[in-house]
Amino acid sequence: MSDLRPDPICPNCGGKDLYVTVKTIPSGGGYSPDLLPGLRVWFGGGKFRAVVCTSCGLYRQFADEDARVRIKSSSKWTRL
Ligand SMILES: [Zn+2]
């Protein structure tokens, strides 16, 4: 959790009853959608945590620190 700093207030409804996954979730790839393309390595990576607002159901994903470091040199991502 140390690298995850989600807003404790829902950006959609202003609710404060939010839940975050205890562990990181693999971002997929292979036969499932790759939610963080180009950020996986052979030993893992490309993981995220999910935050859900129980008031409105907004589901947000936060890429872990490794993915955020790797994204800067990935050819599959471009800066906005
Ligand atoms: Zn909400």
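Considering (1) modelled with pLDDT of 95 or more; (2) away from the ligand (no atom under 16 Å from the Cβ); (3) surrounded by 14 or more Cβ atoms within 10 Å (Cβ to Cβ), say which one ARG70 fails and leave the rest. Unmet for ARG70, out of (1) modelled with pLDDT of 95 or more; (2) away from the ligand (no atom under 16 Å from the Cβ); (3) surrounded by 14 or more Cβ atoms within 10 Å (Cβ to Cβ): (1). Filtered by the rule that a residue be of a type in the set (Val, Ile, Thr), under 17 Å from PHE62 (Cα atoms) and more than 11 Å from the chain's Cα centre (by Cα), the stretch 21-45 gives a lone residue, VAL22. Within the set SER55, SER27, SER75, the sole residue that is modelled with pLDDT of 90 or more and surrounded by 11 or more Cβ atoms within 10 Å (Cβ to Cβ) turns out to be SER55. Taken as a whole, the structure leaves ILE25 outside the set of residues that are within 16 Å of the ligand (Cβ to nearest atom), free of Cβ contacts under 8 Å to residues at least 40 places away in the same chain and not aromatic (Phe, Trp, Tyr).
Taking the stretch 1-48 as the range and being within 14 Å of ARG70 (Cα to Cα), assigned to a strand (DSSP E or B) and of a type in the set (A, V, I, L, M, F, W, C) as the test, the residues that pass are VAL41, PHE48. For the stretch 52-80, a tally of residues being outside any helix (DSSP H, G or I), within 18 Å of ASP7 (Cα to Cα) and either in contact (Cβ under 8 Å) with a residue 12 or more places away in the chain or among the acidic types (Asp, Glu) (or both) returns 11.
The values are calculated or read from the model by the stated rules, or taken from the named source; none is laboratory data. This is a predicted model, so every value here is computed, not measured. Note: ideal-geometry Cβ built from the backbone for every residue, glycine included; neighbour counts use all protein chains shown.
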